Amino acid sequence: MLASALDGIRLTIHVLAATIWVGGQFTLAGLVPTLRKSGEGVAAAAAKAFSKLSWPAYGLLIVTGLWNVSATDMNKTTSAWKVVLGIKVTVVALSGISAFIHTKAKSKSQIATWGGISGVMAVASLTIGVFLAG
Ligand code: HEM
């Protein structure tokens, strides 16, 4: 069955923002070794430029996520679906919190730890979203 135009727009914006928030983190992580070799401060400048895209994308994920929930007929969802939604909201929050701590971390080990946690939480948010979509 085809999605209606409004559902298509809602999910397209949600998924587009997810590609930036989730895919962008992996793309940047993959580029960092090369950027580090390109000069002092290049990787940090790229990370700063990415944050100008990633945080608006995260905000858009929350707005369109709430739109997804309001477009869902709760009477037709199972209790398992509602539990999974609750888990997703928690994981999304952890994704944002860990990414924020990662950007503020000073030591290399903290940057790596919080970057890793942020990546795992971002992928978990995406995976749970796919299951919610059915
Ligand atoms: C890091 C943040 C997030 C990511 C990466 C993410 C990712 C995704 C993805 C990939 C889908 C599947 C879309 C599809 O297959 O058509 C989805 C669906 C969904 N997301 Fe998110 N999402 C995020 C945040 C949120 C938030 C904050 C909420 C709720 C407040 C939310 C609620 C939903 C719902 C209800 C669906 C199912 C939509 C439907 O079937 O109509 N998402 N999400």
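If the condition is being closer than 17 Å to residue 54 by Cβ and either polar (S, T, N, Q) or within 16 Å of the ligand (Cβ to nearest atom) (or both), then the stretch 97-113 contributes 97, 98, 99, 100, 101, 102, 103.
Among the residues of the stretch 32-39, none qualifies, meaning not one is surrounded by 12 or more Cβ atoms within 10 Å (Cβ to Cβ), among the β-branched types (Val, Ile, Thr) and closer than 19 Å to residue 124 by Cβ.
Is it the case that residue 91 is surrounded by 13 or more Cβ atoms within 10 Å (Cβ to Cβ), under 11 Å from the mean Cα position of the chain (by Cα) and of a type in the set (A, V, I, L, M, F, W, C)? Answer is yes for this residue. On inspection, residue 113 does not qualify as more than 18 Å from the chain's Cα centre (by Cα) and of a type in the set (Val, Ile, Thr). Looking at the stretch 63-74, which of the residues that are of a type in the set (S, T, N, Q) and surrounded by 12 or more Cβ atoms within 10 Å (Cβ to Cβ) is farthest from the ligand (Cβ to nearest atom)? So, considering only residues that are of a type in the set (S, T, N, Q) and surrounded by 12 or more Cβ atoms within 10 Å (Cβ to Cβ), the one farthest from the ligand (Cβ to nearest atom) is 64. Beta carbons closer than 8 Å, at least 6 apart along the sequence or on distinct chains, pair a first residue in the stretch 112-128 that is in contact (Cβ under 8 Å) with a residue 24 or more places away in the chain with a second that is of a type in the set (D, E, K, R) and part of a helix (DSSP H, G or I) for 125/88; 128/88. Listed by first and then second residue, the pairs linking a residue in the stretch 39-64 that is within 19 Å of residue 22 (Cβ to Cβ) to a residue that is within 16 Å of the ligand (Cβ to nearest atom) and among the charged types (D, E, K, R), with Cβ atoms under 8 Å apart and 6 or more places separating them unless they lie on different chains, are 64/10. Could you go through the stretch 75-96 and let me know if any residue there is farther than 24 Å from residue 120 by Cβ, at pLDDT 95 or above and either near the ligand (Cβ under 9 Å from one of its atoms) or in a loop (DSSP other than H, G, I, E, B) (or both). Yes: the stretch 75-96 contains one or more residues that are farther than 24 Å from residue 120 by Cβ, at pLDDT 95 or above and either near the ligand (Cβ under 9 Å from one of its atoms) or in a loop (DSSP other than H, G, I, E, B) (or both). The set of residues from the stretch 14-31 being within 15 Å of the ligand (Cβ to nearest atom) and either over 14 Å from the mean Cα position of the chain (by Cα) or buried (at least 18 other Cβ atoms within 10 Å of the Cβ) (or both) comprises 14, 17, 18, 20, 21, 22, 25.
The values are calculated or read from the model by the stated rules, or taken from the named source; none is laboratory data. Computed from a predicted model, the values in this text were never measured in an experiment. Note that each Cβ is placed from the backbone with ideal geometry, even for glycine, and that neighbours are counted across all protein chains shown.
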